[in-house]
Amino acid sequence: MKVDVVLGLQWGDEGKGKIVDVLTPDYNVIARFQGGPNAGHSLEFNKIKHVLHSIPSGIFHEHQINLIGNGVVIDPVIFKKEVDAIYKLGVNLKNKLLISRKAHLILPSHRILDAASEAAKGVTKIGSTLKGIGPTYMDKTGRNGMRVGDILQADFREKYDYLTQKHKDLLRLYDYSYNIEEQEEQWFEGIEVIRSYSIVDSEIEMNRFIREGKRILAEGAQGTMLDIDFGSYPYVTSSNTISAGACTGLGIAPGSLGEIFGVFKAYCTRVGSGPFPTELEDETGNYLRAKGNEYGATTGRPRRCGWLDLVALKYAILINGVTQLFMTKADVLSELDNIRICTGYQVNGKVIDYLPYNLADVTDLQYVTMDGWKKDISSVSSISEMPAELNSYIRFIEKETGVPVTMVSLGPDRRQFINR
């Protein structure tokens, strides 16, 4: 059985959490393959909004196994808060949540290093969520990191003290005050919570699930344009957010991948610094932010908003091998008379339909303008009820990308979507 993948095709915040929640009943295993608590996957049902940071978005379904893969970095403090919040809703995680022993741990000193580094950059800051993600991945690639499996070893505290001291030595380079002792008590409480779960060799488990014919859905975090290799570098995250990351983040072979579900908003958003070609710094951008409730699920920061960028979308489809497109937040555009779609960039006097090495070289944009549907579609329940203008918008995207849009989300609730 192949492993299907859900991932974002823009700068994150595409609505992947809801999509995974909707798809989960068709799968036996939901596996998160990269990122950390800088991600905020929002789910809404029974008039309650839930935000997950490390735990896979299939956790609210009764019979599915949820696995945190080796490519994920875990903050024990945030993990404990997530667990506590889910337990209050009457969900028993113990019998359905597995944690990879090869997943790396975010230490309190990683968070402090992140904040100190970002503060020192001043106007050149990348817009970090200050969750310690970057420093943790740096220790991982530098072969200094601590992994979940280390908490079961006799020398765990020795390893912790050694790495923390190393970070304290680095912090001397910054003019930054901190109190790590305040954070450590909660951190070690979180470690005890992690110890109480099934800590597994996730690559062995994943390949066993494949052999047994289990239906598996791999869940990505952030978005393609934040990929460490292929995103808008250096304003990116610290992991591979693309479909190939599912292989390295779960320990499965490339030939194991099946459908690649690419999630994108009907418009674009971005949190933090970095290039954003179609950004709207006007009344329309403010409308999209207000109507779409565009504030970071993790940080609460207002998101930058803009028109759909087909150049970036086609690039993301290319490097991910996307087989199906899922469009979210189509309802947000409902009150607009006209909707614009970026179809080309002007670089050095020429219009191109691919991403240049440096997005700062883009001097102008080519747009197509389409009629808005001017109708509340949040309660639409069938294809036949969808406005003609919305169908035209979707067909244009399909024609330009060559990939079918097979699901359209019309609101935050798990019931607000149309299968096409």
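Here are the numbers:
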| item | result |
| --- | --- |
| Selection within region 155-199 - farther than 23 Å from A116 by Cα and in contact (Cβ under 8 Å) with a residue 40 or more places away in the chain | E189, G190, I191, V193, I194, R195, S196, Y197, S198, I199 |
| Condition met for L152 (surrounded by 14 or more Cβ atoms within 10 Å (Cβ to Cβ) and either among the hydrophobic types (A, V, I, L, M, F, W, C) or more than 22 Å from the chain's Cα centre (by Cα) (or both)) | no |
| Answer residue from region 1-58, given it is in contact with a Gly (Cβ under 6 Å, 6 or more places away or on another chain), within 25 Å of K314 (Cα to Cα) and among the small types (G, A, S) and is modelled with the highest pLDDT among those | G8 |
| Every pair of residues 6+ apart whose Cβ atoms lie under 6 Å, when the first sits in region 56-70 and is touching a residue at least 12 places away in the same chain (Cβ under 8 Å) and surrounded by 22 or more Cβ atoms within 10 Å (Cβ to Cβ) while the second is assigned to a loop (DSSP other than H, G, I, E, B) and among the β-branched types (V, I, T) | N66/I59 |
| So I242, is it crowded, with 19+ Cβ neighbours inside 10 Å and among the β-branched types (V, I, T) | yes |
| Every residue from region 94-111 that is crowded, with 22+ Cβ neighbours inside 10 Å and farther than 18 Å from S239 by Cα | I99, P108, S109 |
| The one condition in (1) charged (D, E, K, R); (2) farther than 26 Å from G296 by Cα; (3) surrounded by 14 or more Cβ atoms within 10 Å (Cβ to Cβ) that K131 fails to fulfil | (2) |
| Residue among A330, A312, A316 that is within 25 Å of L23 (Cβ to Cβ), small (G, A, S), crowded, with 17+ Cβ neighbours inside 10 Å and touching a Pro at 6+ places or on another chain (Cβ under 8 Å) | A312 |
| Set V73, V83, V77: member being of a type in the set (V, I, T) and either in a loop (DSSP other than H, G, I, E, B) or in contact with a strand residue (DSSP E or B) (Cβ under 6 Å, 6 or more places away or on another chain) (or both) | V73 |
| Failed item, numbered, when S382 is tested on (1) in contact with a strand residue (DSSP E or B) (Cβ under 8 Å, 6 or more places away or on another chain); (2) loosely packed, with under 14 Cβ neighbours inside 10 Å; (3) touching a residue at least 40 places away in the same chain (Cβ under 8 Å); (4) of a type in the set (G, A, S) | (3) |
| Number of positions in region 343-400 that are part of a helix (DSSP H, G or I) and among the polar types (S, T, N, Q) | 3 |
| Filtered residue count, region 353-379, keeping only those that are within 18 Å of L313 (Cα to Cα), surrounded by fewer than 17 Cβ atoms within 10 Å (Cβ to Cβ), in contact (Cβ under 8 Å) with a residue 40 or more places away in the chain and not small (G, A, S) | 3 |
| Filtered residues of region 1-39 (kept if in a helix (DSSP H, G or I) and among the charged types (D, E, K, R)) | K16, K18, D21, D26 |
| Residue in region 221-234 that is in a loop (DSSP other than H, G, I, E, B), crowded, with 20+ Cβ neighbours inside 10 Å and among the charged types (D, E, K, R) present | yes |
| Failed condition for Y295, given (1) crowded, with 20+ Cβ neighbours inside 10 Å; (2) in contact with a strand residue (DSSP E or B) (Cβ under 8 Å, 6 or more places away or on another chain); (3) of a type outside the set (A, V, I, L, M) | (1) |
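The values are calculated or read from the model by the stated rules, or taken from the named source; none is laboratory data. In this text the structure is predicted, and so the values were computed from the model without any measurement. Quick reminder, even Gly has a Cβ in these numbers, built from the backbone with ideal geometry, and neighbours come from all protein chains shown.
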